[in-house]
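The values are calculated or read from the model by the stated rules, or taken from the named source; none is laboratory data. Note that the coordinates shown come from a computational prediction; the quantities given were computed from them, not determined experimentally. Don't worry about glycine lacking a Cβ; one is built from the backbone with ideal geometry, like all the others, and counts go over all protein chains shown. Note: accessible area is taken over every heavy atom of the protein model, side chains too, but ligands, DNA and RNA are not part of it. Shrake-Rupley method; radii C 1.70, N 1.55, O 1.52, S 1.80 Å.
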Amino acid sequence: MFASTSSSLATRTNLRRLLRLRLVMTVVLGAAAAIAMLYYDVALPMHTVVGAMLLMLMLNGMTWWRLRHPMPVSDIELLMQLLLDMGVLSVLFYKAGGYTNPFVWMYLLPLIVAAVALPSRFVWLVASLAIACYSGLMFWYQPLPSTTPAMMPGMDMSQMDMDMHMMHMHASQSGFSVHLVGMWAGFVVSASVIAIFVERMARSLREYDRLMAEAREQALESERMLALGALAAGAAHELGTPLATMAVVTEELRQTHTDNAELTESLDLLRKEITRCKGILSSLSGSAGELRAEAGLSRPLDAFLQETFSRWQDMRPAIPLALDQQGSNPAPQIVADRALSQAICNLLDNAGDASPDGISVHARWRVDWLELQIVDNGPGLNSVAQARLGEPGFTTKAAVHLESSMHTSADRESVGGLGLGVFLAKSVIERLGGSLQFSNREQGGTLTSVSLPLRRLSHE
């Protein structure tokens, strides 16, 4: 989304620059026509010149009106405007001397704009049309009337002088023709150079801008992760004491009510959840989000995945998990990254919340690559969720009510997602060089796809 928006803004800016360039072309052509008629007595076709200038001004007016509206500007629209400019120039030059017109080089201006602003296929289209128009004007055009007579009236010269004069005129015309052919050849070379080198330089600049934008986005993501890490460390420190108190009180209640089997079972579950919270806080304190090998040892990828899925199944035993693992044997050795394991669990949590009746996981790996597909049978994602999923604070989970026989309706607590699970998973996976994508399945539900290169997890 960011890339498409940036591209549309760049095309709008280029269209605004084309408007100014077209205005300069109109002024230059008008001034050149006035000078040619007033000072050199060149008989220009005034209707054609004025009509071409009016067409350019009308096109500028339409462009100015178009830019006042917030609709996105596409590359096709900019290309059509450049082709209209070339059409107006072709009509003007056809009526005003063809390739002998000294301003025929103006065909290069739309080509330069195309080379800077448009993809290479459009650049070559404009370059080919410019060369074709210039070449066509060498054969089909209306010449301007000459203002220099072949022989001054009343001039008395011998036959030899007449022959010398005719030879001189023929030599001048031949030299003029060679000059015009040389201009055409120079135009073809210039157009080719612009289409090749200027387009490549412009493409390099656009690629540089894209990389800079991505670097800024990554820097912002790093700042968010740093802030979230500081918040997690503070939360881990502050929650340690309340959890310890809860553990002590739960144990005292369990010892006090040993004769109540139902309450004892609930207290055991509560104690288990408290222990789980302590483990999560311990991992937060022990890891700052960097790669970390557990006990300094590497392990096979299939064992790492199996441990991750087993740990998640222990935490969510009510949700069936169908696991399908296939890959090279023996599996590649990787560093057991706790952050990656937690990221996978977060994705499994999301799928399990959307599909409590069960989810399936397909794991495929090669020597240097891992593909994970998590399939759920939930309602799927709407267009807004697909666009925003992964942003911090955005969640698709509605608030649910925790209700127990021990609580009245006034004591129920609304609990919803915090919108951090997918954000953290995406950050970890992208930090490792991978990608995370969500898509709707035709038969219903969501497909979560993880592609991860194993080079940063290699034990070497």
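Scanning the range 168-220 for residues that are at pLDDT below 75 and open to solvent by less than 70 Å² (accessible area, probe 1.4 Å), we see that the one that is farthest from Val126 (Cα to Cα) is Met169. Annotation: Ala227 fulfils all but one of (1) closer than 30 Å to Ala425 by Cβ; (2) modelled with pLDDT of 75 or more; the unmet one is (2). It is to be established whether one or more residues within the range 314-321 are without any contact (Cβ under 8 Å) to a residue 40 or more places away in the chain and of a type in the set (A, V, I, L, M). Yes, because at least one residue in the range 314-321 is without any contact (Cβ under 8 Å) to a residue 40 or more places away in the chain and of a type in the set (A, V, I, L, M). On the stretch given as the range 314-333, residues that are polar (S, T, N, Q) and either open to solvent by less than 50 Å² (accessible area, probe 1.4 Å) or more than 15 Å from Ile374 (Cα to Cα) (or both) total 3. Scanning the range 338-365 for residues that are of a type outside the set (A, V, I, L, M, F, W, C), buried (at least 22 other Cβ atoms within 10 Å of the Cβ) and without any contact (Cβ under 8 Å) to a residue 60 or more places away in the chain turns up just one, Gly352.
Listed by first and then second residue, the pairs linking a residue in the range 98-121 that is touching a residue at least 40 places away in the same chain (Cβ under 8 Å) and more than 25 Å from Trp140 (Cα to Cα) to a residue that is among the aliphatic types (A, V, I, L, M) and surrounded by fewer than 17 Cβ atoms within 10 Å (Cβ to Cβ), with Cβ atoms under 6 Å apart and 6 or more places separating them unless they lie on different chains, are Ala115/Val198.
Taking the options Gly98, Gly61, Gly87, Gly136, name whichever one is open to solvent by less than 50 Å² (accessible area, probe 1.4 Å) and at positive phi. Give the steps one after another, and end with the answer.
Numbers: Gly61 fails: at positive phi; Gly87 fails: at positive phi; Gly136 fails: at positive phi.
Just a single option satisfies the conditions, and that option is Gly98.
Name the residues in the range 3-54 that are touching an Asp or Glu at 6+ places or on another chain (Cβ under 7 Å) and modelled with pLDDT under 90, would you? Residue satisfying the conditions is Thr11 alone.
Gln386 meets the conditions (1) modelled with pLDDT under 85; (2) under 21 Å from Glu221 (Cβ atoms); (3) open to solvent by less than 80 Å² (accessible area, probe 1.4 Å) in every case but one. The failed one is (3). Within the range 35-45, the presence of at least one residue that is farther than 22 Å from Arg16 by Cα, of a type in the set (Val, Ile, Thr) and open to solvent by 60 Å² or more (accessible area, probe 1.4 Å) is confirmed. Restricting attention to the range 102-116 and to residues that are surrounded by fewer than 21 Cβ atoms within 10 Å (Cβ to Cβ) and of a type outside the set (A, V, I, L, M), the residue that is nearest to Phe187 (Cα to Cα) turns out to be Trp105. Every test in (1) open to solvent by less than 70 Å² (accessible area, probe 1.4 Å); (2) touching a residue at least 40 places away in the same chain (Cβ under 8 Å) is passed by Pro72 save one, and that test is (1). Within the range 440-453, the set of residues being in contact with a Gly (Cβ under 9 Å, 6 or more places away or on another chain) and either open to solvent by 50 Å² or more (accessible area, probe 1.4 Å) or within 13 Å of Leu381 (Cα to Cα) (or both) comprises Asn440, Arg441, Gly444, Gly445, Thr446. Taking the range 277-310 as the range and being at pLDDT 60 or above and of a type in the set (Gly, Ala, Ser) as the test, the residues that pass are Gly279, Ser282, Ser283, Ser298, Ala303, Ser310.
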